[in-house]
Amino acid sequence: MNKMDSVIYTYDRSQFYRYLDVLKVEGKKILSISKFMQNTEDDLFNFDTDEVIIDISAAITYNDVLHFEHLFYKFSEDTIFIIDNKQLEKLSYGLRNCFDKEKNINEILKEDIEIKKSDTVVKKKRKLIIDLNTEEIESFIGNFNNKLYGHEKFKEDFASKIREFMIFNKLGEHKILSLFLMGDSGVGKTEVARVIHKCLNSQNKLAKINFGNYSSQDALNSLIGSPRGYIGSDGGELFNRVDDSDIGLILIDEFEKSNNAVFNYFLDVLENGKLVNSLAEEIDVNGFIIVFTSNISKDDFPRRISPELRSRFNYKGIFNELKKEDKLKFAHFRINDIIGKYEKAYDIKLSANLHNDLIRIINVNSFKNMRDLNAEINNNFVKFITQ
Ligand SMILES: Nc1ncnc2c1ncn2[C@@H]1O[C@H](COP(=O)(O)OP(=O)(O)O)[C@@H](O)[C@H]1O
Ligand SMILES: [Mg+2]
């Protein structure tokens, strides 16, 4: 391959999936350079350059670039190379021996992809608990306490932790308010984050990760992306979700199912107030609330979570079964909710007695888990309206 006239095409990361779509229509796909860096078989380089485009963004370190320079000459002359424009800024010196021109990826696409202003990385303004004024904080706390049933002791502690956080965050001493909630299933641990999300009036999705959904091996990748190997700037699921979010809140569900690498990662996040992904991008999470939930028991807590990390959590608490009156509250709320939704969806009026009839036959005390109670309510509701 000759360096003369060789071009590197730059793309904007936020549009990566749109480029993929357009290229797909043209029968082309993008391969990551990491594939070639890990595998030295010459056969790999015998691809059809009309169909395959090489993304070199994954060459992130100086050594990678040296390695790439070496590989570069193995590619056929008409190979098309692309790179994330942010990466090129960092790597341009290292790549000077390979490319002498830089062009926009649009030059090789049949369809121009414009970069909308809102797509480019601008520092987003998120609604943070620390930005609320005294009145708003009290109203937030009141709202929160109404929406989460029971757990009175937790509510008291949470309110005072928030007030404390407001002050010490301002003094630069406390970056993130972290809660670690343990205990029984279906009593409202995850609900805590959902309620905060509602009370901060978020219009976007809750930024969350559930380690129950990943193998422990993939745990860190799910947060911040794999360091290389995936094409197209895989920044990690949690990272992307936080980036999309309009409020300062993160939910880490079933935390105990992650692994040491993740524990260490969060130790860093809590300490520095920064979320960093595998592409070395950062999100400032100063002023955030992070809710960690876990099904481990109180006894397992010290066994599973290191002392360093344990001492980092601002609140550690056990969520126990709800009291009867709180379960009843939940049942009333759910029944109202379903009846309302049903009447709206079918545009009919259900019997005025339905609510009380349902409450009467459901024995809230036989349920520890509100999910099971909810299923019982649904079940009986269906029976009533179909009888
Ligand atoms: N204390 C509570 N207040 C309000 N809703 C609750 C409470 N506990 C449970 N729920 C309801 O039950 C469902 C399951 O609760 P969840 O918080 O997901 O359980 P877990 O403690 O296992 O995380 C929630 O979607 C919510 O509707
Ligand atoms: Mg949960």
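FYI, it's all coordinate maths here, none of it is from the lab. Every value quoted in this text rests on a predicted model; they were computed, and no experiment measured them. Methodologically, a virtual Cβ is constructed for each residue, glycine included, from the backbone with ideal geometry; neighbour enumeration extends over all protein chains shown.
Straight-distance candidates among the aspartates and glutamates for linking to LYS90, with alpha-carbon spacing under 18 Å and chain neighbours fewer than 8 residues away dropped: ASP12, ASP55, ASP64, GLU69, ASP100, GLU102, ASP234, GLU281, GLU282. For the stretch 1-85, the list of trypsin sites (Lys or Arg not before Pro) that fall in a loop by DSSP and count at most 12 other C-beta atoms within 10 angstrom reads LYS3. About its Cα centre, the dipole of the stretch 6-130 is roughly 1240 debye, where the only charges are +1 on Lys and Arg Cβ and -1 on Asp and Glu Cβ.
The residue among ASN365, ASN210, LEU91 whose Cα reaches farthest toward the positive pole of the charge dipole of the chain, with charges on the beta-carbon of Lys, Arg, Asp and Glu, is ASN365.
With +1 assigned to the C-beta of every Lys and Arg and -1 to the C-beta of every Asp and Glu, and no other charges, what is the dipole magnitude of the stretch 294-387 about the Cα centre in debye, to the nearest 20? If you can, show how the numbers build up before the last one.
Working: 18 positive and 12 negative charges, 62 e Å.
Dipole about the Cα centre, nearest 20: 300 debye.
Computed over every Cα-Cα pair of the stretch 8-67 and binned at 10 Å starting from 0, the pair-distance distribution P(r) comes out as 19, 50, 29, 3 percent.
Which value, in debye to the nearest 20, describes the size of the charge dipole of the stretch 100-202 about its Cα centre when Lys and Arg Cβ atoms bear +1, Asp and Glu Cβ atoms bear -1, and nothing else is charged? Let's see the in-between values first.
Values: 20 positive and 18 negative charges, 8 e Å.
Computed charge dipole of the stretch 100-202: roughly 40 debye.
From least to most packed, judged by other beta carbons within 10 angstrom and beginning with the fewest, ILE56, ILE80, ILE377 follow the order ILE80, ILE377, ILE56. Across the alpha-carbon set of the stretch 151-255, the Rg to Rh ratio works out to 1.01, Rh being the Kirkwood radius.
Less than 5 angstrom separates the built amide H of ILE80 from those of ILE54, all sequence-distant by 5 or more or on a different chain. Straightening the chain between LYS90 and ASN356 buys 89.1 nm, computed as 0.36 nm per residue apart minus the Cα-Cα spacing.
The GluC sites (Glu not before Pro) of the stretch 26-92 that meet both conditions, a loop assignment by DSSP and at most 16 other Cβ atoms within 10 Å of the site Cβ, are GLU26, GLU41, GLU51, GLU77. When the C-alpha to C-alpha distance is required to be over 18 Å, the pairs from LYS24/LYS110; LYS35/LYS101; LYS147/LYS189; LYS205/LYS327; LYS257/LYS298 that qualify are LYS35/LYS101; LYS205/LYS327.
Annotation: the antiparallel percentage among DSSP beta bridges lying fully within the stretch 129-319 is about 15.
Counting only other residues whose beta carbon sits under 14 Å from that of PHE263, what net charge do I get with K and R as +1, D and E as -1? Before the final figure, lay out the partial values.
Details: positive: LYS257, ARG303, ARG304, ARG310, ARG312; negative: GLU254, GLU256, ASP268, GLU271, GLU308.
It works out to a net charge of 0.
Residue order for MET37, MET182, MET370, fewest other beta carbons within 10 angstrom first, comes to MET37, MET182, MET370. For the stretch 7-119, the calculated P(r), taken from all Cα-Cα distances in 10 Å bins from zero up to the bin holding the longest distance, is 13, 49, 33, 5, 0 percent.
Footprinting exposure proxy ranking of ASP300, ASP55, ASP42, ASP157, fewest other C-beta atoms within 10 angstrom first, gives ASP42, ASP300, ASP157, ASP55. Of the cross-linked pairs LYS86/LYS161; LYS198/LYS324; LYS124/LYS153, those separated by over 30 Å at the C-alpha level are LYS86/LYS161; LYS124/LYS153.
Here the sum of -39500 (n - 2.57) over DSSP H runs of 4 or more residues, divided by the residues of the chain, equals -13000 deg cm²/dmol at 222 nm, to the nearest 500.
For the stretch 53-177, the C-alpha radius of gyration divided by 2.2 N^0.38 Å, with N the number of residues, is 1.85. Note on the chain: Rg/Rh from C-alpha atoms, Kirkwood Rh, equals 1.08.
Percent of C-alpha pairs per 10 Å bin in the stretch 324-386, short distances first: 21, 58, 19, 2.
Largest first, the extents of the alpha carbon coordinates of the stretch 129-319 on the three principal axes equal 48, 36, 29 Å.
Of all DSSP beta bridges confined to the chain, the antiparallel ones make up roughly 10%. Between the listed residues ILE130, ILE162, PHE144, the Cα displaced farthest toward the positive end of the dipole of the stretch 121-175, a dipole computed from Cβ unit charges relative to the Cα centre, is found at ILE130. Using θ = phi - 60° in the Karplus curve 6.51 cos²θ - 1.76 cosθ + 1.60, the 3J(HN,Hα) couplings for the stretch 189-199 round to 5, 5, 4, 3, 5, 4, 5, 4, 4, 5, 5 Hz; x is entered for Gly and Pro.
How would you classify the stretch 122-176 from its alpha-carbon gyration tensor, with a ≥ b ≥ c the square roots of the eigenvalues: rounded for a/c under 1.5, else prolate if a/b is greater than b/c, otherwise oblate?
Values: a/c = 2.20, a/b = 1.55, b/c = 1.42.
Prolate is the answer for the stretch 122-176, as a/c is 1.5 or above and a/b outweighs b/c.
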